[in-house]
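Notes to accompany the following structure.
The values are calculated or read from the model by the stated rules, or taken from the named source; none is laboratory data. Values in this document were obtained by computation on a predicted structure and should not be read as measured data. Counting neighbours? That spans all protein chains shown, and the Cβs are built from the backbone with ideal geometry, glycine included. In case anyone asks, the SASA skips ligands and DNA or RNA and just uses the protein heavy atoms, side chains included. Shrake-Rupley method; radii C 1.70, N 1.55, O 1.52, S 1.80 Å.
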Amino acid sequence: MNNYQLRDTILDILIRIEKDNGFSHLLIDHELKKQRIQAKDEGLLTGIVYGTMQYKITLDYYLEHFIDQRKKLDLWVRMLLRMSVYQMVYLDKVPDHAIIHEAVELAKRRGHKGIASFVNGVLRSIQRKGVPSISSLTDDVIRLSVETSHPEWLVRRWVNAYGYTTAKEMCEMNVTKKHTAIRIQPMKISRSEAMDRLKEEGFEVTASELSSQGIIIEKGNVLKSSLFLNGEITIQDQSSMLVGELLLAEPGMQVLDACSAPGGKATHIAEKMLNEGRLEAHDLHKKKAKRVETKASDLGLSIIHASQADARNLKDKYKPESFDRILIDAPCSGLGVMRGKPEIKYHKQEADIERLAAIQLDILQSTAPLLKKDGLLIYSTCTVDTAENEGVVKRFLANNPEYIVDQAFFEDLPQSLKTTKGISEYGFQLFPQDVDSDGFFLTRIKREN
């Protein structure tokens with residue numbers, strides 16, 4: 001694939017993310033599986049797609065100084081300018097003249113001579129004058145919004161919830177690349193053996209402090225490792241591994257995973273149970289529930305029984321007090337996983353958060369009665385919003401006095417997390433800047449006897 005075809009493919013992916021609300025990681029994976037992209041170009045494609053989406057607000061701020069705001073641009077033209085400016089400002093491997101030349105060629109083929117001339121003029125002006133300074137913005141929230149490309153409403157919400165310093169640290173971390181984390185299948189391989197084999201294959205790895213099964217890949221594409229191909233490891237963020245570690249599921253137990261797909265947490269829990277007992281896993285969508293089954297099969301786990309079901313209606317499927325352990329990894333705004341899915345911050349609106357918090361509370365209230373006396377329930381989300389996290393837990397506990405936050409939960413947190421700022425009486429908020437992971441909330445609720 002030549003340079004023009006590569007850039008054309010990148011532009012197509014970016015348009016689909018913007019126009020169809022597509023997820024960057026899924027669209028990139030789909031394109032790479034076609035095997036049209038040469039191995040040497042995979043990193044460039046991934047970098048430009050993620051980078052352009054990570055910095056979309058910043059790039060638009062730069063461009064507005066060189067484009068008449070009355071001029072209406074087609075989506076593909078604006079996205080072509082964004083990806084070109086991203087390369088000029090943030091990448092240093094490709095010279096500016098080559099970036100501009102390829103952008104003009106794309107404009108010629110997709111549009112006409114006038115559009116190509118316009119693109120050429122804008123990019124050459126930026127090359128000659130440089131991008132405008134963001135430091136001239138005097139409002140702290142607006143400056144942080146533009147600097148780190150987060151919607152202003154979201155930055156303001158985080159500042160109000162956590163203070164400016166924490167919000168700034170979070171915004172800055174969200175535009176950095178996160179290391180891949182993996183989890184071993186302990187019935188197939190030990191962590192030390194897995195790390196040794198990965199090192200032999202040329203990977204740079206370190207042990208996770210958050211899970212005894214976790215490994216951080218500091219260098220290398222682990223999808224191409226023999227361990228991944230053999231089902232001895234699976235990809236899972238460190239923050240997500242906390243669920244399996246803190247649910248305290250044991251062999252022989254009856255466990256419910258109410259919102260299971262894609263199955264990373266369910267399979268981790270099954271491994272903690274040594275594949276003994278029964279784990280019921282459900283998802284609202286049948287296809288997603290099927291993915292849980294596939295993941296369990298890939299890892300050689302037989303106790304997971306996955307099927308479609310609405311978590312709000314599980315009380316119609318199971319008798320009260322049926323489960324020793326319950327996991328509610330609730331559907332959420334996903335504001336903690338922006339480093340891998342940068343488009344989330346542009347697709348979400350403030351009203352979505354309140355709507356999701358109502359759904360989360362419904363799921364928690366309808367599912368909790370399925371927990372046995374003295375049983376444990378983990379409520380978790382991959383977001384960093386107080387309304388979806390502490391707010392939901394607080395409202396649930398106020399309405400259901402027979403449930404309490406298990407105080408042993410805070411003692412069971414990994415040592416490196418016990419002094420972080422995210423601990424409250426209702427649970428634990430992990431910020432992405434805490435341990436170079438996704439943002440994540442979890443708490444452990446106990447049903448008193």
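Can you give the Rg/Rh ratio of the chain, where Rg is from the C-alpha atoms and Rh is the Kirkwood radius? Ratio value, two decimals: 1.00.
Over the chain, Cα pairs under 8 Å with separation of 6+ residues give a relative contact order of 12 percent.
Just flag the GluC sites (Glu not before Pro) in the stretch 142-182 sitting in loop per DSSP whose Cβ has no more than 10 other Cβ atoms within 10 Å. Sites meeting the loop and neighbour criteria: none at all. FRET efficiency for the pair ASN400 and LYS188, taken as 1/(1 + (r/R0)^6) with r the Cβ-Cβ distance and R0 = 45 Å, rounds to 0.65.
The stretch 271-327 and the stretch 132-196 have Cα centres spaced 31 Å apart.
Each of the peptides 299-306, 189-196 was scored by the mean count of other Cβ atoms within 10 Å over its residues; in descending order, highest first, they stand as 299-306, 189-196.
Expressed as an acute angle from 0 to 90° and rounded to the nearest 10, what is the orientation of the C-alpha long axis of helix 96-110 relative to the principal long axis of the chain? Roughly 90 degrees, rounded to the nearest 10. For the pair ALA39 and GLU105, the difference between a 0.36 nm per residue extended length and the Cα-Cα distance amounts to 21.4 nm.
Each label point was placed 7 Å from the Cα along the Cα-to-Cβ direction; for ILE134 and ASP96 their separation is 2.0 nm. Please state, as a whole number in µm²/s, the translational diffusion coefficient that the Stokes-Einstein equation yields for the stretch 358-440 at 37 °C and 0.692 mPa s, with Rh defined as the Kirkwood radius across alpha carbon pairs. This corresponds to a translational diffusion coefficient of 239 µm²/s. Counting only other residues whose beta carbon sits under 15 Å from that of SER424, what net charge do I get with K and R as +1, D and E as -1? Taking every other residue near SER424 into account, the sum is -1. You can think of it this way: the chain between GLU169 and GLN407 has 82.8 nm of extra reach, that is 0.36 nm per residue less the Cα-Cα gap.
Pairs of lysine residues in the stretch 14-115 that meet both criteria, 8 or more places apart or on different chains and Cα atoms under 20 Å apart, total 10.
The C-alpha atoms of the chain define a longest principal axis, and helix 191-200 lies at about 30 degrees to it. Within the straight-line cut-off of under 17 Å between alpha carbons, the lysines reachable from LYS372 are LYS315, LYS317, LYS319, LYS446, sequence neighbours fewer than 8 places apart in one chain being disregarded. Rg over Rh for the stretch 167-283 works out to 1.00, using Cα positions for both radii and the Kirkwood form for Rh.
When DSSP beta bridges are restricted to pairs lying wholly in the chain, around 60% turn out antiparallel.
Summing +1 for each Lys or Arg and -1 for each Asp or Glu, what net charge is found among the other residues whose Cβ lies under 11 Å from the Cβ of ARG16? Residues near ARG16 contribute -4 overall.
Bridge orientation summary for the stretch 295-447: considering DSSP beta bridges with both residues in this region, about 70 percent are antiparallel. Computed from phi, the 3J(HN,Hα) profile of the stretch 414-422 under the Karplus parametrisation 6.51, -1.76, 1.60 (θ = phi - 60°) reads x, 4, 5, 9, 5, 10, 6, 7, x Hz, with x in place of Gly and Pro. Placing pseudo-labels 7 Å out from each Cα toward the beta carbon at SER302 and LYS319 gives an inter-label distance of 2.6 nm. Spacing of the modelled spin labels on ASP74 and LYS286, each 7 Å from Cα toward Cβ, amounts to 4.0 nm. Electrostatic tally near GLU293: other residues with Cβ closer than 14 Å to its Cβ, Lys and Arg +1, Asp and Glu -1, net +2.
Solvent exposure of the chain, expressed per residue, is 44 Å² of accessible area, with all protein chains present and a 1.4 angstrom probe. Packing, as the average of other Cβ atoms within 10 Å across residues, places the peptides 128-140, 175-187 in the order 175-187, 128-140, highest first.
Maximal additional length on extending the ILE423-GLN5 stretch stands at 145.6 nm, based on 0.36 nm per residue less the C-alpha distance.
The GluC sites (Glu not before Pro) of the stretch 199-246 that meet both conditions, a loop assignment by DSSP and at most 15 other Cβ atoms within 10 Å of the site Cβ, are GLU201, GLU209. Compared with the dominant principal axis of the Cα atoms in the chain, helix 3-20 is inclined by about 50°.
Here, P(r) means the percent of Cα pairs in each 10 Å bin from 0 to the largest distance; for the stretch 231-357 it is 12, 41, 35, 12, 1. Computed from the alpha carbon positions, the gyration tensor of the stretch 1-61 leads to an equivalent ellipsoid with semi-axes of 19, 13, 10 Å, biggest first.
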